[in-house]
Amino acid sequence: MDDGDEMPVREGLGRSLVGAIDDGTKTVRFVIYEAERSAELAAHQLDKTEVQPQEGWYEQDPLEILHHIKVCAESAIDQLTELGYSKDDIVTLGITNQRETTIAWDKYTGEPLHPAIAWNDIRTDSTVDAILAKVPDRNKNYLKNISGLPISPYFSALKMRWLKDNVKAVRRASRDKRLLFGTVDSWIVWNLTGGPHGGLHITDVTNASRTLLMNLETLNWDPMLCRLFGIHRESLPQIRSSSEVYGIVKDGSVLDGIRISGILGNQQSALVGQNCLQAGQAKNTYRSGCFLLYNTGTRRVQSTHGLLTTVAYKLGPNAPAVYALEGSIAVAGGAMKFLRDNLKLIKDVAQDTENIAGQVFSTGDVYFVPALNGLYAPYWRKDARGIICGLTAFTTKNHIIRAALEAVCFQTRDILEAMNKDCGMPLSKLNVDGKMTSNDLLMQLQADLIGIPVLRAHTWDMSALGVAIMAGNSVGVWSCEKWKHHATPTDTFLPTTTDDDRDARYTKWKMAVQRSLGWATTKKSIAMTEERYKLLASIPATVFLMGSFAMLAISTMLKNR
Ligand SMILES: Nc1ncnc2c1ncn2[C@@H]1O[C@H](COP(=O)(O)OP(=O)(O)O)[C@@H](O)[C@H]1O
Ligand SMILES: O=P(O)(O)OC[C@H](O)CO
């Protein structure tokens with residue numbers, strides 16, 4: 001531990017409980033596990049307020065995240081007491097989080113300098129375009145060899161650059177050397193460990209691998225990428241492994257004195273929770289988005305079919321990094337919320353999607369491409385927009401709701417197709433988790449549309465479980481090695497369709513995807529950005545990047561001579 005402070009560390013009273021903070025896009029959860037039996041004992045969750053100040057902009061309140069963690073922890077700990085345990089039985093804490101979402105704050109006051117810019121926010125569209133215009137062949141994979149990622153508004157570096165270009169307080173803090181940047185894990189750890197009074201400014205390799213600033217080989221901030229995006233190393237957190245004792249909580253809350261010993265991005269955490277700790281194992285998590293991760297062991301597989309290369313976990317400071325190929329889908333469960341909140345077709349995302357969609361036997365040839373903020377893997381088309389096509393006089397809302405469920409399944413098939421091409425080894429089954437998987441109809445449709453068995457974990461919340469295992473592993477109360485041999489109970493959904501039927505439906509889906517592409521122009525984003533930040537911006541958002549990219553192009557040219 002590097003903060004050797006006087007706070008007494010909780011060692012437990014022989015009953016080793018592990019707490020997990022799970023900050024998702026829509027909800028914050030606090031879960032308490034008993035390590036010995038790998039059993040969930042108590043949990044509490046709160047919904048978050050998502051602010052959409054403009055089309056395509058998604059913001060969250062960093063202070064609300066901290067508030068929700070406190071309330072959830074208190075409530076879960078109250079439940080513990082009723083079960084005959086004590087809060088002193090919690091020996092360590094893990095933190096898992098929505099990835100890429102970016103926060104800027106003041107090192108000395110702890111004040112957030114802007115709302116968090118969420119991972120699915122596309123305000124940096126025009127910056128991406130400006131970059132691509134300068135890159136040979138407008139190649140969005142130009143930085144993929146170093147970072148594993150395409151140039152996309154999804155990743156944190158673009159959000160940091162936008163904050164520096166458009167928010168006066170961020171620029172001022174940067175000039176005064178008070179600026180700290182971080183993904184949500186960094187924000188949480190810094191605050192839990194003392195904030196302005198010695199808080200640890202750290203992140204783990206999995207979260208860092210989503211910024212577009214980390215070098216996948218060195219597992220450190222890449223000087224060239226930092227220069228390119230104009231992000232100073234001093235404002236970035238230190239990159240640590242996913243499983244080690246980083247420090248102890250000292251924020252005056254009910255968690256005071258507990259060690260923090262695990263950090264993982266939520267999709268990587270679900271990979272661990274799903275027990276995919278060996279190369280060749282994969283899982284798909286269905287929450288607001290949907291993310292399929294395939295463990296490639298210590299090998300960094302470079303995708304040529306639109307997938308990301310990412311760090312899966314690093315089991316300790318001296319352990320090698322384990323990598324994964326990832327297929328990221330931006331809108332999965334989010335489409336159900338869209339049907340509820342925007343189109344008002346349903347009242348309850350869980351019950352209505354299953355019951356109403358179940359009243360028809362097919363979508364009646366209706367396809368819904370939920371490209372609400374563009375399409376992620378394997379297309380990476382930020383100009384795509386949502387479409388519902390194939391409507392006839394016969395179509396009812398039942399067909400549209402069913403098409404929204406099928407869209408999640410077709411997008412998963414898109415990813416599996418890409419993964420098979422990259423790895424050459426088709427999956428023989430799909431392990432799934434996430435709240436959306438409680439929908440039996442969705443699970444059956446998924447098996448029918450991909451043609452392999454779908455194995456649903458009995459515990460839908462694998463993200464919290466995964467990081468709890470990581471945290472427990474580093475203090476010796478839970479063992480990743482043992483976890484590898486743990487048989488996770490599942491429900492199996494078998495395909496009931498023929499290859500021909502499946503392929504015909506998939507061909508139609510691809511036609512629908514084609515129709516969704518190229519719908520959005522970036523002109524609108526530029527106008528919207530300027531409208532809101534006209535008075536604040538002193539330099540056009542892209543000037544800095546252009547200079548940097550010109551430098552990069554020249555240096556690459558020189559290297560290749
Ligand atoms: N039974 C269900 N059927 C269909 N969609 C569901 C079901 N349960 C949850 N969802 C959708 O899945 C998402 C669940 O996300 P959740 O795990 O709460 O959040 P987060 O994205 O914050 O991790 C929501 O967008 C919700 O609309
Ligand atoms: O909060 P979720 O489950 O939608 O996950 C979001 C992802 O981590 C974004 O990359």
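Summary table below
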quantity: Neighbour cut-off at most 14 other Cβ (10 Å), DSSP loop, trypsin sites (Lys or Arg not before Pro), the stretch 25-130; calculated: ARG37
quantity: Cα→Cβ-extended label distance, 7 Å offset, between MET224 and ASP176, nm; calculated: 3.6
quantity: Computed FRET value (nearest 0.05) for ASP383 with ASN342, which takes r as the C-beta separation and R₀ as 22 Å; calculated: 0.60
quantity: Bins of 10 Å from zero: percent of alpha-carbon pairs in the stretch 428-484; calculated: 22, 38, 26, 13, 1
quantity: The chain - percent relative contact order, Cα under 8 Å, separation 6 or more; calculated: 16
quantity: Cβ-Cβ FRET estimate between LYS508 and VAL245, R0 fixed at 45 Å, reported to 0.05; calculated: 0.30
quantity: Percentage, to the nearest whole number, of Cα pairs in the stretch 361-478 over 23 Å apart; calculated: 46
quantity: Calculated log₁₀ intensity ratio I(q)/I(0) where the Debye formula runs over C-alpha points of the chain, q = 0.07, 0.10, 0.11 Å⁻¹; calculated: -0.38, -0.80, -0.98
quantity: Mean Cβ count within 10 Å, highest first, over the residues of peptides 239-252, 415-428; calculated: 239-252, 415-428
quantity: Helix-derived mean residue ellipticity, 222 nm - over the chain, DSSP H n ≥ 4, -39500 (n - 2.57), to 500; calculated: -11000 deg cm²/dmol
quantity: Label-point separation in nm, GLU217 to ARG515, each point 7 Å along Cα→Cβ; calculated: 4.6
quantity: Over 18 Å (Cα to Cα) - which of LYS159/LYS382; LYS140/LYS382; LYS344/LYS397; LYS429/LYS482; LYS26/LYS435; LYS283/LYS484 fall in this group; calculated: LYS429/LYS482
quantity: Rg/Rg_globular for the stretch 223-340, with Rg_globular taken as 2.2 N^0.38 Å and Rg from C-alpha atoms; calculated: 1.27
quantity: Over the stretch 78-179: Rg over Rh, Cα atoms, Kirkwood Rh; calculated: 1.18
quantity: Label point distance in nm, SER86-ASP61, each placed 7 Å from Cα along Cα→Cβ; calculated: 3.6
quantity: Burial ordering of ASP204, ASP461, ASP433, fewest other beta-carbon atoms within 10 Å first; calculated: ASP461, ASP433, ASP204
quantity: Taking the convex hull of Cα positions in the stretch 51-119, its mean projected area over all directions (nm²); calculated: 6.4
quantity: Least to most buried among LYS314, LYS344 (fewest other Cβ within 10 Å first); calculated: LYS344, LYS314
quantity: Volume of the Cα convex hull of the stretch 394-434, divided per residue and given in Å³; calculated: 92
quantity: Inverse mean reciprocal Cα-Cα distance (Kirkwood Rh) of the stretch 282-408, Å; calculated: 16.3
quantity: Net charge of neighbours whose Cβ lies under 12 Å from the Cβ of THR309, counting Lys and Arg as +1 and Asp and Glu as -1; calculated: +1
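Every read-out reported here was derived from the displayed coordinates using simple, explicitly stated rules and does not represent laboratory data. Remember, it's a predicted structure, so these values are computed and weren't measured experimentally. Counting neighbours? That spans all protein chains shown, and the Cβs are built from the backbone with ideal geometry, glycine included.
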